[in-house]
Amino acid sequence: MNTPHNPTQNRLLAELELAEFHRLSPHLELVDLARGDVLYQADGKMMYVYFPTTATISVDFVLEDGGTSEIARIGNEGLLGVSLFMGGLSSSGRAVVQMAGYAYRLRAARLMEEFYHKGPLLRLRLRYTHTRLTEISQLALCNSHHSTRQRLCRCLLQMLDRSSSDEIAVTQESIAAMLGVRREGVTDAAGWLQNLGIIKWRRGHVIVLSRAGLDAHVCECYATVCHATSRLLPDLPTVPRAGTHAWRPAVGLPVPVLYRPGAQAKPLWVRGI
Ligand SMILES: [Zn+2]
C-alpha cells in the first residue's frame, strides 16, 4: 500500500477544530471498501458512521418489486449515517459502495458521546443534514420532472466530481438502478451522449471525453446541489482546523486500523505513527 491515508482527506473531518479532531481520531478506523459492499441494509441497524475519503457510497430505496432508486450519493464531502444523530437507529435506505476506495468509520456510540459535547461537530452535522435534505428534495424533483438524458448527465457529473480521473467504473445496470429507470432508457441516453462525442462507454467503464458537453445538457439540479454543498463549510470560527495540520494520532493512543467489512473485523494493516 503506497498511498498515505489521512482522515482529513474527508472534508468534514478536515473542518473539525483540532481539539475535537484529537478526541475523535483515535476512534477512527480506516476501512477498505469494495464496489458493491453493503454498509447498511434498509431498516438495518447502523453500527457505524462512515466518512469516505476516496470511496463513493450510494444510498438507495429498494421497492417491493425489487426496483431501486438512489436518494443520495456520498463522497469525501460528507458522511454516511446522518439519521443516527437525528435519533434514528436504523437506516431507511440501503447503503452500497458505488466506487471502491477508502473511508474512515466511527462507532455510532462514540458519535453520540461526541454529540453531547455540543461542539463544532454538532453544528457541522446539522449543516450537513440541511445540505443532504436539499439534495434529497432536489433529486425527488429531478426524478419527476427531468428526462433520463438530463439525469444521466447529472449522475455522470456527480461521479466525475468524486473521481480522480476521467474514467469511471460503472455499468449501465447500476446507473439504471440509481436513476430508477429501465436499463434500455440508460442505453438510449448513453448512445445519444456517445454520438455527440461526449462520452465513450466500454464494458463497465465510462470515459468522459467532454465535461463541457455534460454541462451543456445537464438539468439545473446539478448546479443546485453543488451550490448547497459549497455553502456547507464556509464560516466556522477561525481556529486551527484538522485539515491544515499534518495528521498523526496522539502519543499513547491507539492508532486507526484498516478493516474490511465482513472480514471478521480483522486488522489488515496498521498505520505507522
Ligand atoms: Zn434534474
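Bear in mind these aren't lab numbers, they're just calculated from the coordinates by the rules spelled out. Not measured: the values here are computed from a predicted model. In this analysis, Cβ positions are derived from the backbone assuming ideal geometry, glycine residues included, and neighbour counts consider all displayed protein chains.
Before moving on, here are some points about what is shown:
- In order through the stretch 207-224: 3J(HN,Hα) via Karplus (6.51 cos²θ - 1.76 cosθ + 1.60), integer Hz, x for Gly, Pro: 9, 8, 8, 9, 5, 4, x, 5, 4, 6, 10, 7, 6, 6, 4, 4, 5, 4
- Computed from backbone phi, the HN-Hα couplings of the stretch 128-142 come to 5, 4, 4, 4, 4, 5, 4, 5, 5, 4, 5, 5, 4, 5, 4 Hz, rounded to whole numbers (Karplus: 6.51 cos²θ - 1.76 cosθ + 1.60, θ = phi - 60°; Gly and Pro given as x).
- If R0 is taken as 25 Å, the Cβ-Cβ distance between Arg182 and Asp43 corresponds to a FRET efficiency of 0.45.
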